[in-house]
1. Could we say that residue 186 is at pLDDT 95 or above, touching a helix residue (DSSP H, G or I) at 6+ places or on another chain (Cβ under 9 Å) and either surrounded by 12 or more Cβ atoms within 10 Å (Cβ to Cβ) or under 30 Å from residue 57 (Cα atoms) (or both) here?
2. Considering only region 121-167, how many residues are farther than 22 Å from residue 84 by Cα and either more than 15 Å from the chain's Cα centre (by Cα) or not in a strand (DSSP E or B) (or both)?
3. Taking region 222-254, which residues are over 22 Å from the mean Cα position of the chain (by Cα), outside any loop (DSSP other than H, G, I, E, B) and at pLDDT below 80?
4. Among (1) farther than 21 Å from residue 105 by Cβ; (2) part of a strand (DSSP E or B), which single condition is residue 170 missing?
5. Give just the number: which of (1) surrounded by fewer than 24 Cβ atoms within 10 Å (Cβ to Cβ); (2) in contact with a strand residue (DSSP E or B) (Cβ under 6 Å, 6 or more places away or on another chain); (3) without any contact (Cβ under 8 Å) to a residue 40 or more places away in the chain does residue 148 not satisfy?
6. I need a count of the residues in region 194-213 that are part of a loop (DSSP other than H, G, I, E, B) and exposed (fewer than 12 other Cβ atoms within 10 Å of the Cβ).
């Protein structure tokens, strides 16, 4: 098998991800403390066009957990400006060069994000209080409805400016009994009806699917609390647990 050596590095490189639509386009990262590295890079498999995707401009700014959009044209990543204080999911379109930033609240931040191909929905896997967001109530599988802000009359704009937006969050699954050293890693089913993730809330690790659509007047027996189920099947609280919490709502993992 022929081997092509890309730029040699003595640094730690990681997260090698091919574009889903172009097998010659490879994204990788300079690994290390995120506030000390310009992390997200792109290169062609012939070794050309090695380029940085996001240049940090503020002390303690971080960008990471990069992933491809399903269109193969957009790179998305967790952007904090600065670290642990202000939270965005950022996107960079390789064709148009447009940059998009969806803002979210501290308790809505997630370790990982994902999206549908048409960008109509995003999702996140939450995080415990020990994560960088230091969220007080962040242990949820989240569904995000994106909204891009429209520029007003005379609003200053250019292709080099960030296009701002916001996530409107909807909580799907209470993850308070999940031990977040195993990251749930959310994704949508191809038909966009389920958010799929992994959880150890019942002790062993299982794959779950949470329905995207809201339940319409579900029978009372169908409304179950994931913390109550977790205490039933795995009575030992995870190390990140804050104790009993309220019910998860009408949706349930299946």
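The values are calculated or read from the model by the stated rules, or taken from the named source; none is laboratory data. Since we're looking at a predicted model, the values are computed, not measured. Cβ sites come from the backbone with ideal geometry, for glycine too, and all protein chains shown count toward neighbours.
1. Numbers: at pLDDT 95 or above: yes; touching a helix residue (DSSP H, G or I) at 6+ places or on another chain (Cβ under 9 Å): no; either surrounded by 12 or more Cβ atoms within 10 Å (Cβ to Cβ) or under 30 Å from residue 57 (Cα atoms) (or both): yes.
No, not satisfied.
2. Number satisfying all stated conditions: 16.
3. Pass one, region 222-254, residues over 22 Å from the mean Cα position of the chain (by Cα): 222-225, 227-239, 242-247, 249-250.
Those still in the list that are outside any loop (DSSP other than H, G, I, E, B) too: 222, 227-233.
Answer for region 222-254, where residues must be over 22 Å from the mean Cα position of the chain (by Cα), outside any loop (DSSP other than H, G, I, E, B) and at pLDDT below 80: just 222.
4. (1)
5. (3)
6. The initial filter retains those residues of region 194-213 that are part of a loop (DSSP other than H, G, I, E, B), namely 203, 212-213.
Going one step further and asking which of them are exposed (fewer than 12 other Cβ atoms within 10 Å of the Cβ), we end up with 213.
Counting residues in region 194-213 that are part of a loop (DSSP other than H, G, I, E, B) and exposed (fewer than 12 other Cβ atoms within 10 Å of the Cβ) gives 1.
A quick yes/no check of all residues on (1) buried (at least 19 other Cβ atoms within 10 Å of the Cβ); (2) within 15 Å of residue 39 (Cα to Cα); (3) modelled with pLDDT of 95 or more:
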position	(1), (2), (3)
59	no, yes, yes
66	yes, yes, yes
71	no, no, no
78	yes, yes, yes
85	no, no, yes
88	yes, no, yes
91	yes, yes, yes
113	yes, no, yes
124	yes, no, yes
